[in-house]
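Student: Provided herewith is a single structure, encoded as structure tokens, for subsequent inquiry.
The values are calculated or read from the model by the stated rules, or taken from the named source; none is laboratory data. Keep in mind the model is a prediction, meaning the values are calculated, not measured. In this analysis, Cβ positions are derived from the backbone assuming ideal geometry, glycine residues included, and neighbour counts consider all displayed protein chains. SASA here: full protein model, heavy atoms, side chains in, ligands and nucleic acids out. Shrake-Rupley method; radii C 1.70, N 1.55, O 1.52, S 1.80 Å.
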Amino acid sequence: MRLTRLIVRDVRSVEAVDWRPVAGVNVLVGPNGGGKTSMLEAIHLAVAGRSFRTRDTAQVIRRGASGLRVGAWFELDDGRRAHIRMERDAAGTRLRRDGEVVRSASQLARAFPVLVLSQDGVRRFRTERAERRGVMDWGVFHVKPEFHAVWSRYHAALAQRNAALRRGQPVEPWLGPLAEAGGAMSAYREGYLSRLQEHVTAVESEFGFSGALKIELQRGWREGVELDAYWRQSESRDRRLGYTGGGPHRANLSLGYGNGIGLEQCSSGQVKIAYLTFRLAQLRELLAARPDVEPMVFFDDLTAELDGDHLAGILGGLVRQPLQRFVTSPVLTADLNEHADAVFHVKHGAITTATN
């Protein structure tokens, strides 16, 4: 798919923009706070119904405005066209595709996949288990359509068990549905990561990354114990806590190198390389599993903490992929200028085309 036009109203610092990106590599340059990331955020609002920077979409509305609007026009892989309109105000969020109300934002997100690689994402990836779990589940969601339904069943049953724990009510009625969905969730994750390891090796070779990154799943509960037995054994503890302390909702994506170095021991540059390696491996798996889609790729502040060789390797690899890509940077470096199909200046919430 290719985004051909984007109309943005009242998204963070962007008051009103009508933008026509090109196929290939779109480079957005400008000062920090000028609106570069906000333009990417607007695209994500349209295709996923939410921001990739915050869970609270109300925070994205420009200060002083009563709501936000985004209109996005796409040229699809089969030659058809699509128009998505997203609005958010005090009445809530509304999504329409070609004039029809979108009932499920997850269905829209699956049809219009976007891989977001951001500097803020690198920071959260290093420090937050929930971020690593979310990154992993993004990949499973896009290659296994049934995963979202299983995930939803699990979290619905988990909420019921937690409510029963807080109220001192029996939790046994929720044990079966919770264990069934939780076991399926974990199996999907394990299968996904086993396939992804091969892609990790390929990405390291393709982009010249050194390190031999290893990935594994920490399931979220004690090894060697079935889920239903684990929750029966931990019921007393969970009642004291008032919530379910272990299970697939506490899973962790573990990354490290062959010499035993984990993310916590890595430099900020090494963490970014590990993050990019994993996410680009996810892109390879998505393209292999769903050859019918062409996801968009965001590289937000790509130049931060990457040396010239790594940057050149990534940009060279990007050109070899027939995907629409968006790269933001405070300055237009020689490498960015070389690989860009179009350069746009973003300042004070306005965007203008430059000659690269």
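Student: Just to confirm my filter: which helices (runs of 4 or more DSSP H) fall fully inside the range 86-198 and include at least 2 residues that are under 30 Å from T328 (Cβ atoms) and of a type in the set (D, E, K, R)?
Tutor: Numbers: elements: 105-111, 119-127, 129-143, 147-167.
Hits in the range 86-198: 119-127, 129-143.
Student: Do we have L28 as assigned to a strand (DSSP E or B) and within 21 Å of L302 (Cβ to Cβ) here?
Tutor: Working: assigned to a strand (DSSP E or B): yes; within 21 Å of L302 (Cβ to Cβ): yes.
Spelling it out, L28 is indeed assigned to a strand (DSSP E or B) and within 21 Å of L302 (Cβ to Cβ).
Student: I've got another one for you. Which ones in the range 1-17 are over 18 Å from V47 (Cβ atoms) and not in a loop (DSSP other than H, G, I, E, B)? Full working, then the answer.
Tutor: First, the residues of the range 1-17 that are over 18 Å from V47 (Cβ atoms): 10, 13, 15-16.
If the condition is that a residue be over 18 Å from V47 (Cβ atoms) and not in a loop (DSSP other than H, G, I, E, B), then D10, E15, A16 are the ones that fit.
Student: Related question: Could you say which residue among Q119, Q169, Q160 is open to solvent by 30 Å² or more (accessible area, probe 1.4 Å) and either within 25 Å of A281 (Cβ to Cβ) or touching a strand residue (DSSP E or B) at 6+ places or on another chain (Cβ under 6 Å) (or both)?
Tutor: Details: Q169 fails: either within 25 Å of A281 (Cβ to Cβ) or touching a strand residue (DSSP E or B) at 6+ places or on another chain (Cβ under 6 Å) (or both); Q160 fails: either within 25 Å of A281 (Cβ to Cβ) or touching a strand residue (DSSP E or B) at 6+ places or on another chain (Cβ under 6 Å) (or both).
Unique residue meeting the criteria: Q119.
Student: Restricting attention to the range 235-288, which residues are farther than 22 Å from A187 by Cα, open to solvent by less than 40 Å² (accessible area, probe 1.4 Å) and small (G, A, S)? Break it down stepwise before answering.
Tutor: Filtering the range 235-288 down to residues farther than 22 Å from A187 by Cα leaves 235-243, 257-277, 280.
If we keep only those that are open to solvent by less than 40 Å² (accessible area, probe 1.4 Å) as well, we get 238, 242, 257, 262-263, 266, 269, 271-277, 280.
Across the range 235-288, the qualifying residues are G242, G262, G269, A274.
Student: Tell me the residue from T37, T57 that is on the phi < 0 side of the Ramachandran plot, hydroxyl-bearing (S, T, Y) and crowded, with 20+ Cβ neighbours inside 10 Å, please.
Tutor: The conditions single out T37.
Student: In the range 13-30, is there at least one residue being acidic (D, E), open to solvent by 10 Å² or more (accessible area, probe 1.4 Å) and in contact (Cβ under 8 Å) with a residue 24 or more places away in the chain?
Tutor: Our first condition is that a residue be acidic (D, E); within the range 13-30, this holds for 15, 18.
Those left that are additionally open to solvent by 10 Å² or more (accessible area, probe 1.4 Å): 15, 18.
With the extra rule that they be in contact (Cβ under 8 Å) with a residue 24 or more places away in the chain, the set shrinks to 15.
Yes, the conditions are met somewhere in the range 13-30.
Student: Say we look at the range 209-228 and pick out the residues that are surrounded by 14 or more Cβ atoms within 10 Å (Cβ to Cβ) and small (G, A, S); which of these is modelled with the highest pLDDT?
Tutor: Among residues in the range 209-228 that are surrounded by 14 or more Cβ atoms within 10 Å (Cβ to Cβ) and small (G, A, S), the one modelled with the highest pLDDT is G220.
Student: Does the range 83-111 hold any residues that are under 17 Å from A65 (Cα atoms) and hydrophobic (A, V, I, L, M, F, W, C), and which are they?
Tutor: M86, A90, A91, listed by residue number.
Student: In addition: Would you please list the contacts, defined by Cβ atoms under 9 Å and residues six or more apart or on different chains, that run from a residue in the range 90-105 that is closer than 24 Å to F141 by Cα to a residue that is of a type in the set (V, I, T) and in a loop (DSSP other than H, G, I, E, B)?
Tutor: Short answer, once both residue conditions are applied: R94/V102; L95/V102; R96/V102.
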